[in-house]
Amino acid sequence: MNLPFSEASEQNKAFIFDVIKPYLHGEVLEIGSGTGQHAVFFAGQVPQLHWQTSDLESNLPGIEDWIADSGSTSLLPPIALDVRADWPERQFDLVYTANCFHIMDKTAVAKCIEGAGACLKADGILLVYGPFNYAGNFTSPSNARFDAFLKARDPVSGIKDFEWLDDLANEANLQSVDDVAMPENNRILVWQKRTL
Ligand SMILES: C[S@@+](CC[C@H](N)C(=O)[O-])C[C@H]1O[C@@H](n2cnc3c(N)ncnc32)[C@H](O)[C@@H]1O
């Protein structure tokens, strides 16, 4: 099978797994699954998961191929989910998204956090992997170059500020519980849904 391939996903999946494994249980919704490589890897490590992949319609065939190739029974067929539109009615224990917030514009990111807050169960977790700024500053020269590259390609994309994301998360009833430094100046941001 000729599978779509992301070198970045291949490089970062084990590092991400080491951090997120304590959170991996129950029903997971992944936003922007891309090729599906993260889903296949994580579900392979924790087979009792129910991992719902999703992305824009155009990416679904590649994710379907990765899932078929994996033979995993814990990976659910991908659903079309544009974060700016309708979200699933189902509730999840975990919403996971990697390397999507710097691709999306600010409206889409805000919708993503709002949608995650709405579809998480009480105490559910939102995990976001990628590069982020703090107090309006890049954390490295390479992130500044990456942001310039992204904006040259799409002026509304780019690295987002942690503080702006955290304000949105608070509005969505999500509380910051961890922020983990990762290789290549990336982070894993962790929010937990407050119990009302
Ligand atoms: C850089 S890729 C990351 C893919 C994968 N998560 C990974 O880490 O390799 C960004 C992903 O965001 C998805 N995306 C962009 N805009 C989106 C939107 N409005 N709703 C849902 N997904 C979106 C793209 O289709 C793409 O799969």
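We did not get these values from a lab; they are worked out from the coordinates using the rules stated. Everything quoted here is computed from the prediction, not taken from an experiment. Don't worry about glycine lacking a Cβ; one is built from the backbone with ideal geometry, like all the others, and counts go over all protein chains shown.
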Practice prompt. Choose one answer from A80, A144, A98: the residue with the largest mean-square fluctuation in a GNM of the chain with alpha-carbon springs under 10 Å.
Written response: A144
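Sorted by average packing, counted as other Cβ atoms within 10 angstrom per residue and highest first, what order do 68-77, 29-38, 127-136 take? Walk me through the intermediate numbers first.
Working: 68-77: 15.5, 29-38: 25.9, 127-136: 18.6.
For the peptides 68-77, 29-38, 127-136, the packing ranking is 29-38, 127-136, 68-77.
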Worksheet item: Can you give the relative contact order of the chain as a percent, counting alpha carbon pairs under 8 Å and 6+ residues apart?
Response: 19
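With viscosity set to 0.890 mPa s at 25 °C, what whole-number translational diffusion coefficient in µm²/s follows for the chain from Stokes-Einstein and a Kirkwood radius over Cα pairs? Please report the intermediate quantities before stating the final value.
Numbers: Rh = 16.8 Å.
It diffuses with D of about 146 µm²/s by this estimate.
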Worksheet item: When the Cα centres of the stretch 10-26 and the stretch 74-110 are compared, how far apart do they sit, in Å?
Response: 18
Worksheet, complete the sentence: In whole Å, largest first, the alpha carbons of the stretch 1-105 cover along the principal axes 32, 31, 27
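Based solely on its DSSP helices, what 222 nm [θ] is calculated for the chain when runs of n ≥ 4 H residues each add -39,500 (n - 2.57) and the sum is averaged over all residues, nearest 500 deg cm²/dmol?
Values: 6 runs with 71 residues, N = 196.
So the calculated ellipticity at 222 nm is -11000 deg cm²/dmol.
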Worksheet entry | Cα gyration tensor, the stretch 77-185 - rounded (a/c under 1.5), prolate or oblate | prolate
Worksheet, complete the sentence: Expected max-MSF residue from N137, N173, N185 in the GNM of the chain (alpha carbon, under 10 Å) is N137
Practice prompt. When a/c is below 1.5 the answer is rounded, else prolate if a/b is larger than b/c, else oblate, so apply that to the stretch 34-90 with a ≥ b ≥ c taken from the square roots of the Cα gyration tensor eigenvalues.
Written response: oblate
Item to complete: Work from the charge dipole of the stretch 121-170 (Cβ charges, +1 for Lys and Arg, -1 for Asp and Glu, about the Cα centre) and give the residue of A152, P141, L168 farthest towards its positive end.
Response: A152
Worksheet item: With labels modelled as points extended 7 Å from the Cα through the Cβ direction, what inter-label distance (nm, one decimal) is found for A148 paired with A135?
Response: 2.4
Item to complete: Quick one: among D55, D154, D18, which has the greatest mean-square fluctuation in a GNM of the chain with alpha-carbon springs under 10 angstrom?
Response: D18
